[in-house]
Amino acid sequence: MARLTAGLTTSHVPAIGAAIDLGKTQEPYWKPLFDGFEFSRKWMQENKPDVVFLVYNDHASAFDLSNIPTFAIGCGEEYESTDEGWGPRPIPTVKGAPDLAWHIRQSVIQDDFDLTTVSEMTVDHGFTVPLSLLFGQPKEWPCLVIPFAVNVIVYPPPSGRRCYEIGKSIRKAIDSFDDDLNVQIWGTGGMSHQLQGPRAGLINKDFDMKFFEDLIHNPEALAEMPHVEYQRDAGSEGIELVMWLIMRGAMDAKVKEIHRHYHVPASSTAVGHLILENA
Amino acid sequence: MALDKPYSDIPGTIVFDSDMARAGYHANQFCMSLMKPENRERFLADERAYLDEWPMSEEQKQAILDRNYLRLQQLGGNVYYFAKMFFTDKKSVAYGSSTMAGMSEQEYMQMMIDGGRSIEGNRFTKEQENG
């Protein structure tokens, strides 16, 4: 049977991808950020998943205002990187896991969650930067990846509670898949940041630290946090953090922290990263 | 009855909700069109002519011509769509954010390196009214 062996979170700032692609990761601005992922890359090699279920948001790339799914599961066979204005990122084609993805899709819709099923789309920095952070620059990605795109751009995103519950449903779907696969779930985006308006540049380290703690130890309560609290205290774009609850909902009630990293700034964003295992 | 908008009193912040998406639909979709290189070329060659192909308000067109992102946000524009204009002009997202914050890009980047903009006095609009 498929097993969910780890949950991971990471920011997905486009400038991080550019730093990797342009060989800038050891420059003084970037080095402290990338140093925090050294452990993670080693851990990933020692704990290589067969499939990563990667929760992220598209940033007006595959989806624009003409088509806004709240939850979209990628059931495709492969995905290319979006040209976001500087050409597509120079990364290998992402190979999907359609057998598992279609299985998850049916199980989750059966649980009364309304998913959009997408089999053809490009994947932007929200999806590809986490892969580069954790796997570096390989010739081929070492595992299959299922994209799970969440609308966080056109308010409202799904609630924290909705995200947490859909995470549980995704876990149930993984547990019921016959093939013996090692699966990880990644929640991406965040942490505190605001890109627009006069309050652009907002960072709230206290909020972010508390978010780490509540996510690990008190996710039921964290799932009740209303959107306005994310927006007010973590920035209008900090609302992305609801996606981390999808990861957390898929994990066991009790988890253990394997690694944590926090760094300000990557462009306008507070970078947060966790590796969790079921306790 | 109007929608409940508890986010209306966050200072320096416009939330991109249904009303804003409705108002900014064509302006944002214009930005999407700039993802194609041939459109970027055409736009830069004659911005006014390109904009006149879109059913946008005159105010939105003027904000785009002025690259006044703060104004464009007030008229329904969203930063992930503006990003297509930033790269058309060969500028970064941080540059765009800095203009909306009323700072030079250098000042903004330094503020971020110093830990970012503080939340103190920045939670509620009434905090700012009380000076």
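Observations
- Put simply, the range A:1-114 fits an ellipsoid with semi-axes of 28, 21, 13 Å; these come from the alpha carbon gyration tensor as the roots of five times its eigenvalues, largest first.
- All aspartates and glutamates inside 14 Å of A:K168 as judged from Cα atoms, apart from same-chain residues fewer than 8 positions distant: A:D111, A:D112, A:E220, A:D252
- Interface burial in the range A:216-232 reaches 40 Å² or more for A:V228, A:Q231, A:R232, comparing the full protein assembly with the chain by itself; accessible area from heavy atoms with a 1.4 Å probe.
- With protein chains left intact and a 1.4 Å probe, residues in the protein assembly as shown average 40 Å² of accessible area per residue.
- The largest accessible area among B:Y69, A:Y155 belongs to the first residue in A:Y155, B:Y69, and the rest follow in falling order (1.4 Å probe, all chains).
- About the Cα centre, charge dipole magnitude for the protein assembly as shown (Lys/Arg +1, Asp/Glu -1 at Cβ), debye: 520
- Rounded to the nearest 20, the Cβ-based charge dipole of the range A:104-191 about its Cα centre (Lys and Arg +1, Asp and Glu -1) stands at 320 debye.
- Between chain B and chain A, the total buried accessible area stands at approximately 3700 Å², from heavy atoms with a 1.4 Å probe.
- With 20 Å² as the minimum drop in accessible area between chain alone and full protein complex (1.4 Å probe), the qualifying residues in the range B:1-15 are B:P6, B:Y7, B:I10, B:G12, B:T13, B:V15.
- More than 26 angstrom apart: percent of Cα pairs within chain A: 35
- Of the accessible area of chain A, computed with a 1.4 Å probe over protein heavy atoms only, carbon and sulfur atoms account for 49 percent.
- Shielding by partners, peptide B:107-117 (average Cβ within 10 angstrom, other chains): 6
- Those lysines that a straight Cα-Cα span of less than 29 Å connects to A:K24, excepting residues fewer than 8 apart in one chain: A:K42, A:K48, A:K95, A:K139, A:K205, B:K36, B:K84, B:K90, B:K91
- Here is what passes the span test in chain A: the DSSP H helices with alpha carbon length of 20 Å or more along the helix axis and a Kyte-Doolittle mean of -1.0 or above are A:160-175.
- In this Cβ point-charge picture (+1 for Lys and Arg, -1 for Asp and Glu), the range A:48-90 has a dipole of about 180 debye about its Cα centre.
The values are calculated or read from the model by the stated rules, or taken from the named source; none is laboratory data. Worth saying up front: this structure is predicted, and the values here are computed from it rather than measured. Glycine gets a Cβ as well: all are built from the backbone with ideal geometry, and neighbour counts include every protein chain shown. These area figures cover heavy atoms from the full protein model, side chains too; ligands, DNA and RNA do not enter into them. Shrake-Rupley method; radii C 1.70, N 1.55, O 1.52, S 1.80 Å.
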